[in-house]
Ligand code: APR
């Protein structure tokens, strides 16, 4: 089916939707200037592989390097603005009876665009916790770290003097149980799912669109590249093009 046919049918399904689940990946934040995981890094961070930095072992080995990387990423997010796709997600929640928003992203652009109760499967840059005792860190987090800083001592835990780490899910770590259960339950229950800007590379999150399809939902990818197999439905193009069009068509 071509995108316009998929678009027309998706509008019809949304109008009748009992429960819309929205599942987002790095692509929804691309137009806000936040590079996706599969984009090549630029500058200083080009020589580091994100997969090698986003691990407990990397933090244990060089906490100042990993803390600098996440502090620079938090600075980028803090300086970025939500784009029309983030805003359209919030508008969908205002015009439909039941909308669940699930993200793999660690930025807060969906919330800053107005979405409530976003389910973060991979954590978020806006919070941090102790690497040793896991207690939440309540101090301020740096948001003025430039790209050329590759060493920044993390703060210390006020309870055990351990090192503070970002509250994101690292490779090799489990995902938050409650958030995963909520996301899988929404995938099973929804009658429409929009899977926006995700390559579907990382499990178990990548299972969510398939789960929705298996439970009879009208599941549509929104991606700059066609996704999945020929039987999958993709609105091919930028999320900032398709999502506002969907919202406008709902009237
Ligand atoms: N509009 C729509 N889709 C886009 C856009 C855009 N403007 N720009 C990029 N995309 C698509 C790309 O085609 C790609 O399929 O977004 C997807 C981004 O894929 P990834 O970079 O793999 O990001 P994501 O799918 O979120 O990665 C999942 O992997 O690295 C881990 O924990 C990390 O949460 C991340 C997870």
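Bear in mind that the values in this text are calculations on the coordinates, not laboratory data. Remember, predicted model here, so these are calculated numbers, not experimental data. Note that we place each Cβ from the backbone using ideal geometry, even for glycine, and neighbour counts take in every protein chain shown.
Comparing the range 46-176 with the 2.2 N^0.38 Å rule of thumb, its C-alpha radius of gyration ratio is 1.13 (two decimals).
Only helices enter the 222 nm calculation for the chain: every DSSP H run of n ≥ 4 contributes -39,500 (n - 2.57), and dividing by all residues gives -10000 deg cm²/dmol, rounded to 500.
Highest mean first, the peptides 82-88, 3-9 sorted by other C-beta atoms within 10 Å per residue fall in the order 82-88, 3-9. Taking only Cα atoms, what is the 0 to 90° angle, nearest 10, from helix 63-79's long axis to the longest principal axis of the chain? Between helix and principal axis, roughly 40 degrees. Relative contact order, whole percent, for the chain stands at 27, derived from Cα pairs under 8 Å and 6 or more residues apart. The angle separating the long axis of helix 177-189 from the principal Cα axis of greatest extent in the chain is about 10 degrees. For a paramagnetic label modelled at 7 Å from the Cα of residue 47 toward its Cβ, which residues of the range 61-83 fall within the zone defined by backbone nitrogen distances under 16 Å? Those under the cut-off are 65-66, 69. Relative contact order, whole percent, for the range 44-137 stands at 20, derived from Cα pairs under 8 Å and 6 or more residues apart.
Taking label positions 7 Å along the Cα-Cβ direction at both residue 159 and residue 127, the computed distance is 1.4 nm, reported to one decimal.
Label point of residue 64 set 7 angstrom out along Cα-Cβ; within the range 123-155, amide nitrogens under 19 Å from it belong to 131, 142-155. Each semi-axis of the equivalent ellipsoid for the range 182-236 is √(5λ) with λ an eigenvalue of the Cα gyration tensor; in descending order they amount to 17, 13, 9 Å. Enter the Cα centre distance for the pair the range 121-147 and the range 9-76, rounded to the nearest angstrom. Comparing the Cα centres of the range 121-147 and the range 9-76, I get a distance of 15 Å.
Hydrodynamic radius of the range 61-128 by the Kirkwood approach over all distinct alpha-carbon pairs: 13.1 Å.
For the chain, the longest principal axis of the C-alpha atoms and the axis of helix 84-95 are separated by about 60°. Between residue 37 and residue 18, the distance separating the two model label sites (each 7 Å from Cα on the Cα→Cβ line) works out to 3.3 nm. Pairs of C-alpha atoms in the chain farther apart than 31 Å represent 26 percent of all such pairs. Largest first, the three principal axis extents of the alpha carbons in the range 102-251 are 53, 30, 28 Å in whole numbers. Plainly put, the range 26-100 has a radius of gyration that is 1.10 times its Kirkwood radius, both from alpha-carbon atoms, as the Rg/Rh ratio.
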